[in-house]
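Colleague: For reference, the structure I am asking about is given below.
Since every read-out is calculated from the coordinates, none of them should be taken as a lab result. This is a predicted model, so every value here is computed, not measured. Cβ coordinates were reconstructed from backbone atoms using ideal geometry, including for glycine residues, and neighbour counts include every protein chain displayed.
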Amino acid sequence: MTRAYNFSAGPAGLPDTVIYQAQAEFSEYRDWRASVAEVSHRSAGFIELKRQTDALLRELLGISEEYAVLYLAGGATGQAAAVPLNLTGDCSAAAYIISGHWSRRAADEARQFCEVHIAGDSADSNYTTLPAELNIPASAAYLHLAENETVHGVEYPALPPSPLPIVADLSSNIATRVINVNDYGLIYAGAQKNLGIAGLTLVIVKKSLLRLQASLPSVWDYQKQWQSDSMYNTPPTFQIYLLGVMLHWLQQQGGVAQIEQLNRSKAQLLYDCLDAGDFYVTSVQDGHSRSRINVPFFLADEKLTADFLAGAEENGLLGLKGHKALGGIRASLYNSMPLAGVAALVEYMREFERVRG
Ligand SMILES: *Cc1c(COP(=O)(O)O)cnc(C)c1O
């Protein structure tokens, strides 16, 4: 058997070279005579591995010393709670833009801990466009948004202007295009879409926003985690190792600017196919709101969906079933998906249309 093209929304496929390198290094890492998964997170070897991984992440994403990078567990969902707990401070309100499933979940989570002001909501378009108008209160602690909505397939082409520090969930689009980290107060992202495997969550936070908190659970306390180099307790060590392998792979691809070009070509190829006829229907018609990374679509005749998915699997195209909230199909084009994988998908789609259309 050979590895198929994996369009899974998350956890997502990894580049073949990353898989094989991790396989080769799993039982004995370099001269350690043990696996990365078997050593103390406080050993000199692991601390050096983590230091080098942090340096490469900072280099590839352009993260300055004004920002702390935390290597935590708990997923993006954990951060949806940790953010209001850490950042609302004296002011008890935060502003949220709702542009789909994940930003709505983040706002619902935050409501347990602070007053939530909805600064914009695209429910009236069923989350097929970004919110047209924003109403951002000057008095809130931060403005939260999900830069790419993994389920609904909408993505901000650029950050909206905001008088407040922007807190952004980049779980599905971190490292897929060049950003200016200085435009953000805080970025969080689970690793399992573009930076490795589930179990590691990155938090990139402007140090000036951190302050001592009274009575926070220690593992959720950004200040404590920063001061202990994300080692207040055992961090996800193997996931941090795998992040390093992914970052080296990304560097070999030419870095984020190069992969951004590739990601645009991949998205263009798929959207051109979807827009070419009426056999397939994209939910997001507005080009300005379309995600380059997660592309939900439907067969105009929904009765054909199960056959489409079964045939795709037979042709080595995995993970295309849509999220349960939308149904239909979803193709996720994360960094590790090669252009050839999207070309194979498009070829399969044309053939399926020719036979069944
Ligand atoms: C996948 C995803 C999440 C959820 O991540 P967990 O690791 O399951 O908590 C949150 N936000 C976005 C944008 C995602 O893509």
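Colleague: Report the FRET efficiency, 1/(1 + (r/R0)^6), for GLU48 and SER265, where r is their Cβ-Cβ distance and R0 is 51 Å, rounded to 0.05.
Modeller: After rounding, the FRET efficiency stands at 0.85.
Colleague: Using DSSP to call loops (not H, G, I, E or B), can you name the GluC sites (Glu not before Pro) in the range 90-169 whose Cβ has at most 13 other Cβ atoms within 10 angstrom?
Modeller: The qualifying sites are GLU133.
Colleague: Hey, if you put +1 on the Cβ of every Lys and Arg and -1 on every Asp and Glu Cβ in the chain, which of TRP226, LEU134, LEU299 ends up farthest toward the positive end of that dipole?
Modeller: Of the options given, the answer is TRP226.
Colleague: How many nm separate the modelled label positions at ARG356 and ASP275, each set 7 Å beyond the Cα in the direction of the Cβ?
Modeller: 2.5 nm
Colleague: Of HIS248, PRO235, ASN263, which is farthest on the positive side of the dipole of the range 205-287, counting Cα position, with +1 on Lys and Arg Cβ, -1 on Asp and Glu Cβ, and the Cα centre as origin?
Modeller: Going by the Cα projections, it comes out as PRO235.
Colleague: By counting other Cβ atoms within 10 Å of each Cβ, how are ARG292, ARG105 ranked from fewest to most?
Modeller: Ordered from fewest to most neighbouring Cβ atoms within 10 Å, ARG292, ARG105 come out as ARG105, ARG292.
Colleague: Could you tell me whether the range 1-60 comes out rounded, prolate or oblate from its Cα gyration tensor? Rule is a ≥ b ≥ c as square roots of the eigenvalues, rounded for a/c under 1.5, then prolate if a/b exceeds b/c, otherwise oblate.
Modeller: oblate
Colleague: Given +1 on the Cβ of Lys and Arg, -1 on the Cβ of Asp and Glu, and no further charges, what dipole in debye does the chain carry about its Cα centre, rounded to the nearest 20?
Modeller: Result for the chain is approximately 520 debye, rounded to the nearest 20.
Colleague: In addition: What nm distance separates the two modelled labels at SER215 and LYS324, each placed 7 Å from Cα along Cα→Cβ?
Modeller: So the two model labels end up 3.6 nm from each other.
Colleague: Among all lysine pairs in the chain that are eight or more places apart or on different chains, how many have alpha carbons less than 24 angstrom apart?
Modeller: 13
Colleague: Could I ask something else about it? Output the DSSP H helices from the chain with an along-axis C-alpha extent of no less than 24 Å and a mean Kyte-Doolittle hydropathy no less than 0.0.
Modeller: Helices meeting the criterion: 44-61, 339-356.
Colleague: Same structure again: Run through the range 109-205 and list the trypsin sites (Lys or Arg not before Pro) located in a DSSP loop whose Cβ has at most 16 other Cβ atoms within 10 Å.
Modeller: When the trypsin sites (Lys or Arg not before Pro) of the range 109-205 are filtered for loop state and at most 16 Cβ neighbours within 10 Å, ARG111 remain.
Colleague: Continuing with this model, one more query. Is the chain best put as rounded, prolate or oblate by its Cα gyration tensor, with a ≥ b ≥ c the root eigenvalues, rounded for a/c under 1.5, and otherwise prolate when a/b is larger than b/c, oblate when not?
Modeller: Oblate, because a/c is 1.5 or more while a/b does not exceed b/c.
Colleague: Stretched out fully, how many nm does the piece from ALA158 to ARG3 gain, at 0.36 nm a residue minus the Cα gap?
Modeller: Roughly 52.3 nm would be gained on extension.
Colleague: Using the Cα atoms of the range 1-137, I'd like the radius of gyration and the largest Cα-Cα distance, Dmax, both in angstrom.
Modeller: So, for the range 1-137, Rg and Dmax equal 20.7, 58 Å respectively.
Colleague: What is the Cα convex hull volume of the range 226-291 when expressed per residue in Å³?
Modeller: 174 Å³
Colleague: If you take the charge dipole of the chain about its Cα centre, with +1 on Lys and Arg Cβ and -1 on Asp and Glu Cβ, which of SER64, GLY287, SER40 is farthest toward its positive end?
Modeller: The listed residue farthest towards the positive side: SER40.
Colleague: Helix-derived [θ] at 222 nm for the chain: sum -39500 (n - 2.57) over DSSP H runs of at least 4, divide by residue count, nearest 500?
Modeller: Counting only the DSSP helices, I get -11000 deg cm²/dmol.
Colleague: Would you work out if the range 266-357 is rounded, prolate or oblate? Take a ≥ b ≥ c from the square roots of the eigenvalues of the alpha-carbon gyration tensor; rounded if a/c is under 1.5, else prolate when a/b is larger than b/c, oblate otherwise.
Modeller: In terms of gyration-tensor shape, rounded.
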